[in-house]
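Participant: Quick one: the structure is below, and I'll ask about it shortly.
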Amino acid sequence: MEDLWEFNEEIVARAIAARLVPIVSAVGHEIDFTIADFVADLRAPTPSAAAELIVPAAAELDRRVNEFAVCLQRCWRNFIVREQTRLRMFSERTVARELLRRIQEGKQKLDWRRENLQRNAVGFLGNSRGRLAENAAALRRHDPSREIILRWSRFAELARRLITCPPQLANTMRKRFERTEKILAVLGPDATLRRGYSMTTDVNGDLVRSVTQVKPGDKIRTRLADGAFESDVIGKDS
């Protein structure tokens with residue numbers, strides 16, 4: 001009893017109770033009991049018995065490990081099969097739903113394009129018929145055969161008048177033309193240039209009659225009796 005008395009101390013009992021790691025009490029002999037036996041998680045009659053309680057037989061451990069492995073494989077196979085089935089069902093539903101959605105969208109686009117094409121075809125046909133009617137009316141108004149007849153009649157009338165025109169009238173017209181030609185030779189722009197004058201035009205060929213028609217930086221062209229030259233406007237006097 002004296003040899004086992006330290007296992008009856010309060011401090012030892014509290015230390016065993018406070019430990020988080022499981023404690024096995026195996027002191028003394030099978031007939032010996034201490035306070036530590038009642039505080040510990042497990043009591044063994046001898047240290048050898050404690051070892052047997054703590055460490056199961058290797059064969060039993062191997063058997064349990066095999067059982068767990070078989071159970072784990074069976075559960076894993078069942079899980080894989082179940083998830084594959086769910087994935088296949090989900091994929092089939094998803095593909096079918098997406099296919100139906102795309103088919104519906106395609107049908108809507110096809111209907112819209114058909115209606116648009118019909119509307120455009122009707123409008124184009126109406127416009128073409130209108131233009132055709134206008135062209136037909138214009139052709140009727142401007143019949144080439146009628147125009148040819150009218151112009152041929154005018155040509156015949158002019159030829160007749162020319163034939164019947166007396167020589168004296170022709171001479172009078174010729175003299176009038178010659179007199180007009182002489183007047184133009186004296187008063188025309190070429191005669192004016194020969195007298196020392198010049199003509200200035202802008203880039204568009206319009207005659208410059210006033211300084212207000214040009215501004216600095218504009219290009220002008222001056223024509224003389226014997227030629228022409230171009231210049232730039234750098235300033236102008238008011």
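The values are calculated or read from the model by the stated rules, or taken from the named source; none is laboratory data. Since the model is a prediction, treat every value here as computed from it, not as a measurement. As a convention, Cβ positions derive from the backbone with ideal geometry for all residues, glycine included, and neighbour counts pool all protein chains shown.
Participant: Of the residues L53, L72, only one is in a helix (DSSP H, G or I) and in contact with a Leu (Cβ under 8 Å, 6 or more places away or on another chain); which?
Facilitator: L53
Participant: Is it the case that E60 is modelled with pLDDT under 90, surrounded by fewer than 10 Cβ atoms within 10 Å (Cβ to Cβ) and among the acidic types (D, E)?
Facilitator: Judged against the criteria, E60 is a match.
Participant: Ok, one more. Out of R161, R209, R176, which single residue is in a loop (DSSP other than H, G, I, E, B) and modelled with pLDDT of 70 or more?
Facilitator: Details: R161 fails: in a loop (DSSP other than H, G, I, E, B); R176 fails: in a loop (DSSP other than H, G, I, E, B).
Going through R161, R209, R176 in turn, the sole match is R209.
Participant: Please determine whether any residue of the range 5-21 is aliphatic (A, V, I, L, M), surrounded by 10 or more Cβ atoms within 10 Å (Cβ to Cβ) and touching a strand residue (DSSP E or B) at 6+ places or on another chain (Cβ under 8 Å).
Facilitator: Within the range 5-21, one or more residues are aliphatic (A, V, I, L, M), surrounded by 10 or more Cβ atoms within 10 Å (Cβ to Cβ) and touching a strand residue (DSSP E or B) at 6+ places or on another chain (Cβ under 8 Å).
Participant: Has the range 134-151 got any residue that is out of contact with any Phe, Trp or Tyr (no Cβ under 8 Å at 6 or more places or on another chain), at pLDDT 80 or above and not charged (D, E, K, R)?
Facilitator: Within the range 134-151, the first condition is being out of contact with any Phe, Trp or Tyr (no Cβ under 8 Å at 6 or more places or on another chain), and the residues that meet it are 134-151.
Going one step further and asking which of them are at pLDDT 80 or above, we end up with 134.
Those still in the list that are not charged (D, E, K, R) too: none.
Scanning the range 134-151, I find no residue that is out of contact with any Phe, Trp or Tyr (no Cβ under 8 Å at 6 or more places or on another chain), at pLDDT 80 or above and not charged (D, E, K, R), so the answer is no.
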